[in-house]
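Quick notes on the structure that follows.
The values are calculated or read from the model by the stated rules, or taken from the named source; none is laboratory data. None of the values given here were measured: they were computed from a predicted structure. Positions of Cβ are backbone-derived with ideal geometry, glycine not excepted, and every protein chain shown enters the neighbour counts.
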There are 2 protein chains.
Amino acid sequence: MDVLVVGTGAIGGYYGGRLAQAGARVSVVARSDYEVVAEEGIRIESPAGDFHFRPHRVVRTAAAFGGFPDVLLVGLKVLKEIRTADLIRDAVGPTTAVLLIQNGVDIEGPVADAFPKNEILSGLAFICVHRTAPGKVLHQDYGRLVLGRYPGGPSETAQRLAEMFRRAGVPCEVTEDVVTARWQKLVWNAPFNPMSVLCGGASTQDMLGHEDTTRLVRAVMEEVCAVAAATGHPLPTDVVDRMIADTRTMTPYKTSMLLDFEAGRPMEVEAIVGNAVRIARSHHVPVPHMETLYALLSGLKGRA
Amino acid sequence: MDVLVVGTGAIGGYYGGRLAQAGARVSVVARSDYEVVAEEGIRIESPAGDFHFRPHRVVRTAAAFGGFPDVLLVGLKVLKEIRTADLIRDAVGPTTAVLLIQNGVDIEGPVADAFPKNEILSGLAFICVHRTAPGKVLHQDYGRLVLGRYPGGPSETAQRLAEMFRRAGVPCEVTEDVVTARWQKLVWNAPFNPMSVLCGGASTQDMLGHEDTTRLVRAVMEEVCAVAAATGHPLPTDVVDRMIADTRTMTPYKTSMLLDFEAGRPMEVEAIVGNAVRIARSHHVPVPHMETLYALLSGLKGRA
């Protein structure tokens, strides 16, 4: 299987490297990290064992790849200023499947619209992983993937990818309803990511350490469930209780939005809250707690 | 008229000084600033003309006053750790009126309960004024007072005080429904104070400079109106539009909560949002936007 990774940060580097371990021929498009990655590849430090990912080829743009991979893995952040469809267009051939391993809900639209004849796979990563320097990725914990065809249905490509990921030690699950899976992940992300920033750098345990903030976590989670249900993607009734209980048992954790904010990088505000708020509005589902978080993040001074 | 000021910060210093200008015999209880105030009094810089407030007496505690004033003016912040009733008890005689010039709603209860036979006057200051150093107060803008008997009704003492304030150039209005006046002031304070902090140091103009934050300002204002109405204190129907329009014409303004936060001082979270949220809950009025602000402020890391 020929794979081209676009976005060789934490997600692209880690999951691209795992596919290479499983025997895929994995090339990467590296932009700012080109020199280092072309010379040294990507070194991944992981509790499951450090490994060295030597891409088959390292190119600067999708056009420079000069062909069409079987799978184009997108590990880019979801930001207005990153035009994913444009960045991948030159490497998307008639039979290329595009796999988006990205945060948020309703993030597949622009790519699905740009490549209406291609298979679009949507992937959710449950992982703590960071790019610490060009060509260096630190995998701290977790790593499970959920993959599925967008907007739904079975996919042989997803099954084949899942087998490869599992071969490389990545727990990977295929779903025929990845949109529901995205809503379910948002149940966690929608409260914890914004609140970690707005509470001045709070960890998950800080947020669950006050009665008032725990109540807010729960209120936002319930709003996400209501929006999901209104769009035809009802979630399990115990999801809120379960996520709060599970989070209490986790090591105190800094969210990706907080890490981005602290590092002065743009935050995925639209993918994680803006899109959900807009979907709620269009379905007339009141989400006042989420609206408040979204407004505060929109007005946040000093954000990139 | 014998007046004793407890809390010689910005509010106590400024309004105490104005009563002295109008001919009242004004003494002050100074705690941390005792040495400076006893020696030099309080110097007030004001666009209406700088002035020097030389208190009749400066004492360290209410007990040291050794008597009972006609009016005991409280200019303390409303904070859990400041036990106002205890601080003033020794100077509250049978005919002493207690005037609370403080922020927030539902802040009179503890004092009214502690002195059930005394006249309690509640005062709202519409003013930009800061204590810049011991014995130094900077009056930047505005200055209007609204006074009234708590919980309501006419008051001769309020009328006499208002005349004195006016004589000293302070616009002062007496109301027979000061609780409604407090709710009306909260319409402004409830959104702008918390949001200024949570948006990372936003001025009023910053907050009205985004569509999303303006929508949040409005939503919180409408919630305050709903709670006020539910408690029997309906506000004028145009109050929200009027306050937003008026604020747009103001010089960009840092709220008192933001100034406190930036200086590492405790913020008046309970007086400005906590009390309103609790009253809303007890009246079953949903205030999800205000609840969200309250939870975030409660969870805010690095707050004093």
Of the listed residues (B:94, B:116), the one being surrounded by fewer than 17 Cβ atoms within 10 Å (Cβ to Cβ), without any contact (Cβ under 8 Å) to a residue 12 or more places away in the chain and not basic (Lys, Arg) is B:116
What do you reckon, is residue A:242 surrounded by fewer than 19 Cβ atoms within 10 Å (Cβ to Cβ), within 12 Å of chain B (Cβ to nearest Cβ) and within 30 Å of residue A:151 (Cα to Cα)? no
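Here's the yes/no breakdown for (1) among the acidic types (Asp, Glu); (2) under 25 Å from residue B:12 (Cα atoms):
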site: B:170; (1), (2): no, yes
site: B:177; (1), (2): yes, yes
site: B:188; (1), (2): no, yes
site: B:202; (1), (2): no, no
site: B:206; (1), (2): yes, no
site: B:214; (1), (2): no, no
Within the range B:149-164, is there a residue that is under 16 Å from the mean Cα position of the chain (by Cα), crowded, with 18+ Cβ neighbours inside 10 Å and at pLDDT 95 or above? yes
Mind listing just one residue for me: the one in the range B:55-90 that is part of a loop (DSSP other than H, G, I, E, B) and over 23 Å from the mean Cα position of the chain (by Cα) and, of those, surrounded by the fewest Cβ atoms within 10 Å (Cβ to Cβ)? B:66
Could you check the range A:40-53 and list, in sequence order, the residues that are of a type in the set (D, E, K, R) and either outside the structural domain of residue A:25 (by TED's automatic domain parsing) or surrounded by fewer than 13 Cβ atoms within 10 Å (Cβ to Cβ) (or both)? A:50
Candidate set from the range A:281-304 (those that are within 11 Å of chain B (Cβ to nearest Cβ) and over 17 Å from residue A:223 (Cα atoms)); member that is surrounded by the most Cβ atoms within 10 Å (Cβ to Cβ): A:296
The range B:277-297 residues that are not assigned by TED's automatic domain parsing to the domain that holds residue B:189, paired with ones that are surrounded by 22 or more Cβ atoms within 10 Å (Cβ to Cβ) (beta carbon under 9 Å, 6 or more apart): none
Spot the failing condition for residue B:256; the list is (1) in contact (Cβ under 8 Å) with a residue 60 or more places away in the chain; (2) within 14 Å of chain A (Cβ to nearest Cβ), and only one is missed. (2)
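Rundown of residues vs (1) in contact with a helix residue (DSSP H, G or I) (Cβ under 8 Å, 6 or more places away or on another chain); (2) buried (at least 20 other Cβ atoms within 10 Å of the Cβ); (3) hydrophobic (A, V, I, L, M, F, W, C), yes/no style:
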| site | (1), (2), (3) |
| --- | --- |
| A:177 | no, no, no |
| A:194 | yes, yes, no |
| A:201 | yes, no, no |
| A:204 | yes, yes, no |
| A:213 | yes, yes, no |
Filter the range A:259-280 down to the residues that are within 11 Å of chain B (Cβ to nearest Cβ) and closer than 20 Å to residue A:109 by Cβ, then identify the one that is surrounded by the most Cβ atoms within 10 Å (Cβ to Cβ). A:273
Under the condition of being part of a helix (DSSP H, G or I) and not β-branched (Val, Ile, Thr), which residue from the range A:208-217 is farthest from the other protein chains (Cβ to nearest Cβ)? A:211
So is residue A:105 of a type outside the set (Phe, Trp, Tyr), in contact (Cβ under 8 Å) with a residue 12 or more places away in the chain and out of contact with any Lys or Arg (no Cβ under 7 Å at 6 or more places or on another chain) or not? no
Could you please give the count of residues in the range A:169-207 that are at the interface with chain B (Cβ under 10 Å from one of its Cβ atoms) and more than 19 Å from the chain's Cα centre (by Cα)? 8
